[in-house]
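A.B. asks: Could you have a look at this structure, given as structure tokens, before my questions?
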């Protein structure tokens, strides 16, 4: 006879957990009601054979669940729960409709865990690559408060907003990336195929070349000779940054460096603030304890500087202080040697290739030194600029005073979401003419550098 594990409450409201044998789930419900209990959850224990059969349905998958897929699943689950379906039946429906992949495999495991007697949050916690800690804790809060459908709706709203913003930023980056790649391809083709033909022609006529033409030919020679560096150097820089970020100090320095970029750094900062305040507000509104909520928010910031700030806020709360004071106090990044190194490298880096051109080494050294000095000066002037505005601090302070912290955090997140959208639109509108000017300037330089000696050659032939 099947065995059912149930959770119920007696007449005094005390929670009861036990198992019962019955021919069907309806009979089990009836028996438990006759015992004077009100059933809140009942699941049938699966046999080892059934579990094995379920595991055979899994498909091969690598990594975690995609955010878009998880977002859609959460919205569908919230609708099914709002309609009053049991959680196990809802999960089986969604698992049956899911495409083969990471989410489907995770749902199979979750269903098996729930049928074995685990709660939804406990089952999801065993699939960390698909269901994040934020997700699991919100579900846990919903189970504890008896409002799982409401929590799932909030979670779906939160994930849809985050996905919408991410999709907008990614979509805005497609155009400039495509233009830059096409421009680099065209310029590389001209340097490798066109300029050498003109160089050979100029050498045959023994013309005295202008400085622009000599510079163009020198650049062309180096591109033809060392073309492979165009692939090796970017990959090496990327690997170097990855290696630096493996260390705690290196990651902190890199994140401080990124946040101080003109325009782009401000955009990243506002995006992080929008995400973290919405995360914290959603967790607080869902009933997650404030210390746990701050820890989860710190982990989801994906920036070492903001992780430090939320860590200090957590320490302050443990000591009985407020959120607003440490948030304001620790929002100034301060000096970091790794960040200074990156700014010096950024200033000097573009001029370093000139050092390998014999005729331009002196100019290249001066330009690299000037670039390094400007990069260091810019960082020293900007290093103490706060990354959390007074708007955020004041709103959080008011929220703590009035007991409406979650509402104020939502308002902050909405404000910064709108600012990110506005800045993204403005940045894309600015990038288009800048890219056109860059491409036009580069092609114009090449055309002028090639035509100057041609004019001289034609005038000599006409004489």
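Computed from the coordinates by the stated procedures, all read-outs in this text should not be read as laboratory data. Everything numeric in this text was worked out from a predicted model, so none of it was measured. Note that we place each Cβ from the backbone using ideal geometry, even for glycine, and neighbour counts take in every protein chain shown.
A.B. asks: Past the 14 angstrom mark, what percentage of all C-alpha to C-alpha distances in region 1-45 do you count?
C.D. replies: 38
A.B. asks: Can you bin region 312-386 into rounded, prolate or oblate? Criterion: square roots of the alpha carbon gyration tensor eigenvalues sorted a ≥ b ≥ c, rounded for a/c under 1.5, prolate for a/b above b/c, oblate for the rest.
C.D. replies: Note, shape of region 312-386 comes out prolate.
A.B. asks: In Å, what Kirkwood hydrodynamic radius results for region 220-262 from the alpha-carbon pair distances?
C.D. replies: The answer is 12.1 Å.
A.B. asks: Just rank 443, 338, 235, 412, fewest to most, by other beta-carbon atoms within 10 angstrom.
C.D. replies: Ranking 443, 338, 235, 412 by Cβ neighbours within 10 Å, fewest first, gives 235, 443, 338, 412.
A.B. asks: While we're looking at this one, here's another question. How large is the convex hull of the C-alpha atoms of region 308-451 per residue, in Å³? If you can, show how the numbers build up before the last one.
C.D. replies: Working: hull volume 18.8 nm³, N = 144.
Residue-normalised Cα hull volume stands at 130 Å³.
A.B. asks: Next question. Only Cα pairs under 8 Å and at least 6 apart count here; give the relative contact order of region 1-45 as a rounded whole percent.
C.D. replies: Normalised by residue count, the contact order of region 1-45 is 51 percent.
A.B. asks: Rounded, prolate or oblate: which fits region 188-340 when a ≥ b ≥ c are the square roots of the eigenvalues of the alpha-carbon gyration tensor, with rounded for a/c under 1.5 and prolate only if a/b beats b/c?
C.D. replies: Numbers: a/c = 3.90, a/b = 3.75, b/c = 1.04.
Judged from the Cα gyration tensor, region 188-340 comes out prolate (a/c at least 1.5, a/b above b/c).
A.B. asks: So what are the three principal axis dimensions of region 137-181 from its Cα atoms, in whole Å, longest to shortest?
C.D. replies: Dimensions of region 137-181 along the principal axes of its Cα atoms: 53, 14, 7 Å.
A.B. asks: Moving on. Given the C-alpha centroids of region 163-238 and region 261-338, what is the distance between them in whole angstrom?
C.D. replies: Using only Cα atoms to place each centre, the spacing works out to 42 Å.
A.B. asks: Quick one: work out Rg over Rh on the C-alpha atoms of region 369-442, Rh as Kirkwood radius.
C.D. replies: On the way: Rg = 19.3 Å, Rh = 16.0 Å.
So for region 369-442, dividing Rg by the Kirkwood Rh gives 1.21.
A.B. asks: How big is the chain on each of its three principal axes, counting only the C-alpha atoms and giving the largest first in Å?
C.D. replies: 117, 52, 35 Å, listed from the longest principal axis down.
A.B. asks: What is the fewest-to-most order of 94, 239, 431, 120 by other Cβ atoms lying within 10 Å of their Cβ? Intermediate results must be reported in sequence, preceding the final value.
C.D. replies: On the way: 94 19, 239 10, 431 16, 120 24.
Ascending Cβ contact count within 10 Å gives the list 239, 431, 94, 120.
A.B. asks: I need 407, 277 ordered by Cβ neighbour count within 10 Å, fewest first.
C.D. replies: If I rank by nearby Cβ atoms, fewest first, I get 407, 277.
A.B. asks: Given the DSSP H assignment, sum -39500 (n - 2.57) over each helix run of at least 4 residues in the chain and divide by its residue total; what's the result at 222 nm in deg cm²/dmol, nearest 500?
C.D. replies: After summing the helix terms and dividing by residue count, I get -24000 deg cm²/dmol.
A.B. asks: Once you place label points 7 Å from the Cα toward the Cβ at residue 17 and residue 233, how far apart are they in nm?
C.D. replies: According to this spin-label approximation, the distance is 6.2 nm.
A.B. asks: Evaluate E = 1/(1 + (r/R0)^6) for residue 68 and residue 178, where r is the Cβ-Cβ distance and R0 equals 25 Å; express this FRET efficiency to the nearest 0.05.
C.D. replies: 0.65
A.B. asks: Same structure, new question: Any chance you could tell me what percent of the C-alpha pair distances in region 222-292 go past 15 Å?
C.D. replies: For region 222-292, the fraction of Cα-Cα distances above 15 Å is 72 percent.
A.B. asks: Restricting the calculation to Cα positions, tell me the Rg (one decimal) and the Dmax (whole number) of region 124-245 in Å.
C.D. replies: 27.5, 89
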